[in-house]
Amino acid sequence: MPLNRDSFRVPNLRISGRVGGSDDPLRAVRAELMCELFEAGWNLYNANGDQTITLGNIQTKIRESDAFVFTPQPHLQDLFSCASVFVGYQTLDPELEGKPTALLNTNGSWDGFIGLLEHLNSMGTVRQTARDYLQLAKDPEELVKIIDHETPWSAPDEGHHADGEVPSGDIPEANDPRPDDYRYNVCVFCSASIKDETMLEEGRLLGRDLAEARLGCVSGAGRTGIMGEVVRGSAEAGGWTAGSNVPHIIQLEGLPEGLNAFWPRPDIYTRMEIMIEESDAFVIMPGGCGTVQELLALLLRKQRGNPTMKDKPIIVFDRDMGNGESFWSPLFDLLEATGDSPGVEVARKREEILPLIEKAMN
């Protein structure tokens, strides 16, 4: 019997993926999948593939669903939705407890996304094993078996710990205004953990660079990894720093010192919204799936003409890792496979980041 089934309610399954035209070779696979799921007793959401997922509604979609299925040939929105579910598992979102996710991988089109997460795991920015959370199915029958089981499924709890002093009770909001001589804010999306410790220094130096250029430093207000070092570098150089975070992550990790402005939010999506709204440019440093999710959110907003992204550049720091591969090369391969234009500038060295921002803003 399906997960969370009881005698009073049919469980809801959310399907992600576009429905192609009559000549779409995957149309038959999707139809077979829907028949299998319907026969298994699931109530199907988004069966026509026409719902738009945004930062404003994705937490509601997660709350309303009992399981998640992603069909082959993902586009930007599918990647964003899948990354968001994975990040929710990572951060122990209570709305995801006991809710499985399966990827229908009939043509191998999800291999790139799983490969990206495995690459990030090897870099130390993703601590969890992707396949423990996102289960691949070779055909619709196998997928139904994955999600239609009697034992409640729960994401593994590994890699979660508090670093430093963890606040308790209400988390206060700080709101020191940005100095008048600051020109604009730069939001840095990056990792809270990484194996290559030289990247921690790069984060600290980027924070310093922003402070010396009189640019506001906006971050996810994380205490650890590159994220914590960016805040530290800016604060130590006398810069203005701001950020947003959510209660359950703060309880796990704590807050960095030196925040001039802090905007607490109830979930990671409203957290991203305030960071986007309060920023004028974005830097994507080496990061984990949360950083991938944040980049995809930016790209989706640009693609849809959202005014919060008008004239705001995105700079990806794609550092050479010294092994013939750059940090974000699997991400760029994945984006190329979707057929969507990335719409970003690429910096190979930290010193190239601010000139690219200045060029775009002038």
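The values are calculated or read from the model by the stated rules, or taken from the named source; none is laboratory data. Predicted model only: the values in this text are computed from it and were never measured. Note that each Cβ is placed from the backbone with ideal geometry, even for glycine, and that neighbours are counted across all protein chains shown. Just the protein is used for accessible areas: all its heavy atoms, side chains included, with ligands, DNA and RNA removed. Shrake-Rupley method; radii C 1.70, N 1.55, O 1.52, S 1.80 Å.
In table form, for the structure just shown:
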| quantity | calculated |
| --- | --- |
| Of the criteria (1) surrounded by fewer than 21 Cβ atoms within 10 Å (Cβ to Cβ); (2) not in a loop (DSSP other than H, G, I, E, B), which one Leu13 fails | (1) |
| All positions within the range 38-68 that are under 17 Å from the mean Cα position of the chain (by Cα) and surrounded by 15 or more Cβ atoms within 10 Å (Cβ to Cβ) | Ile53, Thr54, Leu55, Ile58, Gln59, Lys61, Ile62, Phe68 |
| Selection count where residues are of a type in the set (Gly, Ala, Ser), modelled with pLDDT of 95 or more and open to solvent by less than 20 Å² (accessible area, probe 1.4 Å), scope the range 225-242 | 4 |
| When residues of the range 85-102 are limited to those that are small (Gly, Ala, Ser) and modelled with pLDDT under 95, the one farthest from Ala337 (Cα to Cα) | Gly98 |
| Scan of the range 16-54 for residues that are in a loop (DSSP other than H, G, I, E, B) and modelled with pLDDT of 90 or more, ordered by number | Ala40, Gly41, Trp42 |
| Subset tally (residues that are among the aliphatic types (A, V, I, L, M) and out of contact with any strand residue (DSSP E or B) (no Cβ under 9 Å at 6 or more places or on another chain)) for the range 311-354 | 4 |
| Residue match in the range 214-225 (condition: more than 19 Å from Met361 (Cβ to Cβ) and more than 20 Å from the chain's Cα centre (by Cα)) | no |
| Residues that are surrounded by 22 or more Cβ atoms within 10 Å (Cβ to Cβ) and either touching a Cys at 6+ places or on another chain (Cβ under 6 Å) or part of a loop (DSSP other than H, G, I, E, B) (or both), drawn from the range 194-206 | Ile194 |
| Residue ID - surrounded by the most Cβ atoms within 10 Å (Cβ to Cβ), chosen from residues in the range 131-149 that are aliphatic (A, V, I, L, M) and farther than 19 Å from Tyr89 by Cα | Leu143 |
| Tally, over the range 69-102, of residues that are surrounded by 22 or more Cβ atoms within 10 Å (Cβ to Cβ) and among the acidic types (Asp, Glu) | 2 |
